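The values are calculated or read from the model by the stated rules, or taken from the named source; none is laboratory data. All of these numbers come straight from a predicted model, not from anything done at the bench. Here the Cβ positions follow ideal geometry from the backbone for every residue, glycine too, while neighbour counts run over all protein chains shown. Surface accessibility is based on the protein's heavy atoms, side chains included, excluding ligands, DNA and RNA. Shrake-Rupley method; radii C 1.70, N 1.55, O 1.52, S 1.80 Å.
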Amino acid sequence: MSSSGDSARFEPESVDGPHSGEVSAHGARAPQQELDAEQIGRTFREGSGRAVAALIRLFGDIEVAEDAVQDAFALALKSWVKDGLPSNPSAWILTTGRNRAIDRLRRESLGRAILGDLVREQSLASGEVDDELDPLSDDQLRLIFTCCHPALASEAQVALTLRLIGGLPTREVARSFLVEEATMAQRLVRAKRKIKSEHIPYRVPSESELPTRLPPVLAVAYLIYNAGSGRAPASGVEDRCAGGAEDLCAEGIRLARLLHALMPEEPEVTGLLSLLLLNESRRGARFAADGSLISLREQAREGWNPQLILEGQELLRACLRRDEPGPYQLQAAIQAVHADAARIEDTDWAQIVAIYDELLHMTGTPVVAMNRAIAVAEVDGPAAALTLLEELELDSYYSFHATRADLLRRLERLDEAKLAYRRAAELAPTEAEREFLKARAN
Amino acid sequence: MNQYLFSLHSDGASCQTDMAPEEMQQMFQRIQALESEMKSGGAWMFSARLTESDSATVVRDSNGETLMTDGPYAESKEYLAGFYIIQAADLDAALVWAGKVSACVGRPIEVRAFAGFQS
């Protein structure tokens, strides 16, 4: 499971970016170029995240920053082959991108006006290249909070985050969410246009704003992870390509790690990372070889990843010491209780119910109540749980019907169970779920 | 500084005339207090409550001739009831004001920035 630290990547739209007219005096070295292109690409991607964020701060414009990085990539392909990889790729990309952007802006009359403003505002003060990569990574925080601004629709937040922070090209973002590339491109264009036209500020929210500004950021990371976790981990090469389940789960976790590195004092951020790692620890065991779903009850626990469990539990302990509980921490705690059980029979269901009590008190959503009922069934029996479910309005949620079906089955009310499984299958969001539920119906 | 329009839309159902006089009075007081705050905060530029939409007149040019119709432009239950023109450093600042207006009038507020001359 790739958990390569907290560096963000940025991959420009196309390998063949615009050329700035600089021709290498040494000429092209074709065979070596072939070999190094992938290495250059990877190094570039890893270093460009911080550079993008800094360029947005310098130029006050996302498009200018994106173009700058694209230009820098074209140059990197030539000059890194010739001169080797730079010791500080982020700084190289930032300096190169900054210079290319200034060149570009000078060529456009509109651009010259923008440049004038920027010089006046001192944000492009010359000779301070080293200071421009913000050591506190405030730039990356600014970018994350801007991408996840509550004035943007959730799907726009996700798209921007994957594109600008995750560094995925538009076509990969589109594939991840099963939309046409043109649709995703349009979504990104609209979001960037809104940021510009409505003057959404590029800043880190103040302490007092965090309660409203942090939840969308966490929700986006969670959404990205969940979009990947509904599918089986990569079995073949195709899935390992961008847009596959593996990549989205990796992206979600990478983002959560970055958030944790940038905001180590926020317990909900730590809680989210813990939750994702604990969920990820079981993903391998959740799917059979043919991609079909295996329930928690039936999973082979040897297939759970012990390192991820350990890390998740350690993060959770750090949260508990803070004693500022929140929904993500509580969800992580529930997963940690499951991770503690060597077999399903060893699960401390009473503790899970207690945590759900707290979660329900905090969020009061019907889905939480439903999940609590599932745990209650293990402590007080399926009849008690069924009674709880009757109070809930979740008719359009497939998991609700699946839960009811399971309880009815355990109470030997088989005809009712069958109907409920069928209803659940109708509403199921993925093929794997649908097959699982249809099989249960029979 | 940037300019924003806050527009307040009424749906036919919640007409102000349906409110009891004391309620109306309280709402106006709240609005006045808020506008005072906006003015001392340097945010308020202009605001107005509009007359009933069915008293509107639509004017059209047809080959140099001015045509007039009685009634609003759009045939819909919702109509523009009033607006604020605000100046604010950025959208976040504008949204704080919009939140206060919305709380005052008990209706959603649409926030839109003024377009620059270069887009």
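For the reader, a short list of remarks on this structure follows.
- Taking a ≥ b ≥ c as the square roots of the eigenvalues of the Cα gyration tensor, an a/c ratio of 1.5 or more together with a/b no larger than b/c marks the protein assembly as shown as oblate.
- Listed residue (B:29, B:58, B:69) projecting farthest to the positive dipole end of region B:12-91, Cβ model: B:29
- Size of electric dipole in the protein assembly as shown: Cβ of Lys, Arg +1 and of Asp, Glu -1, about Cα centre, debye, nearest 20: 800
- Two-site label geometry, residue B:28 and residue A:186: point separation in nm, points 7 Å out along Cα→Cβ: 4.8
- Charge dipole of region A:306-384 about the Cα centre (unit charges at C-beta), most positive-ward option of A:365, A:336, A:306: A:365
- Rounded to two decimals, the Cα-based Rg/Rh of region A:341-386, with Kirkwood Rh, is 1.00.
- Spatial separation of Cα centroids for region B:9-87 and region A:305-331, in angstrom: 52
- Accessible-area order (highest first, 1.4 angstrom probe) of the listed residues B:45, B:19: B:45, B:19
- Working from label points 7 Å from Cα in the Cα-to-Cβ sense, the residue A:323 to residue A:383 distance is 4.2 nm.
- Amide H contacts of residue B:82 (H built 1.01 Å from N, under 5 Å, at least 5 apart or other chain): B:8, B:50
- Among the GluC sites (Glu not before Pro) found in region A:372-433, those both in a DSSP coil and sparsely packed, with 12 or fewer other Cβ atoms within 10 Å of their Cβ, are A:391, A:393, A:412.
- Potential extension, residue A:435-residue A:38 segment - 0.36 nm per residue separation minus Cα distance: 139.0 nm
- Computed with every protein chain present, the accessible area of residue A:260 is close to 50 Å² [probe 1.4 Å].
- Neighbouring partner chain Cβ atoms per residue of B:92-99, average, 10 Å criterion: 3
- For the set A:196, A:78, solvent exposure ranked by accessible area (probe 1.4 Å, protein chains only) runs largest to smallest as A:196, A:78.
- Entry comment: accessible area of region B:1-116 is 64 Å² per residue, from protein heavy atoms only and a probe of 1.4 Å.
- Across region A:369-374, coupling constants 3J(HN,Hα) worked out from phi with the 6.51/-1.76/1.60 Karplus curve, θ = phi - 60°, read 4, 5, 5, 5, 4, 4 Hz, and Gly and Pro carry x.
- For region A:164-228, average projected area of the Cα convex hull in nm²: 5.2
- Ordering of A:148-158, B:61-71 by burial proxy (mean other Cβ atoms within 10 Å per residue, highest first): A:148-158, B:61-71
- Stokes-Einstein diffusion for chain B, with the hydrodynamic radius set to the Kirkwood value over Cα pairs and evaluated at 37 °C in a medium of 0.692 mPa s, equals 204 µm²/s.
- Exposed loop positions in chain B were taken to be chymotrypsin sites (Phe, Trp or Tyr not before Pro) whose DSSP state is not H, G, I, E or B and which have at most 16 other beta-carbon atoms within 10 angstrom. Between these positions, the longest stretch is B:1-72.
- Averaged over the residues of A:193-201, the number of partner chain Cβ atoms lying within 10 Å of the residue Cβ comes to 5.
- Accessible area per residue, Å², region A:297-339 with all protein chains present, probe 1.4 Å: 53
- Put simply, the amide H of residue B:47, placed in the peptide plane, has neighbours under 5 Å in B:85, leaving out anything fewer than 5 places away on its chain.
- Annotation for region A:270-363: trypsin sites (Lys or Arg not before Pro) lying in DSSP loop with at most 11 further Cβ atoms inside 10 Å of their Cβ are A:343.
- Each chain gives up part of its surface: B and A jointly bury about 800 Å² of accessible area, both sides summed, for a 1.4 Å probe.
- Accessible area in the full protein assembly, largest first, 1.4 Å probe, for A:349, A:92: A:92, A:349
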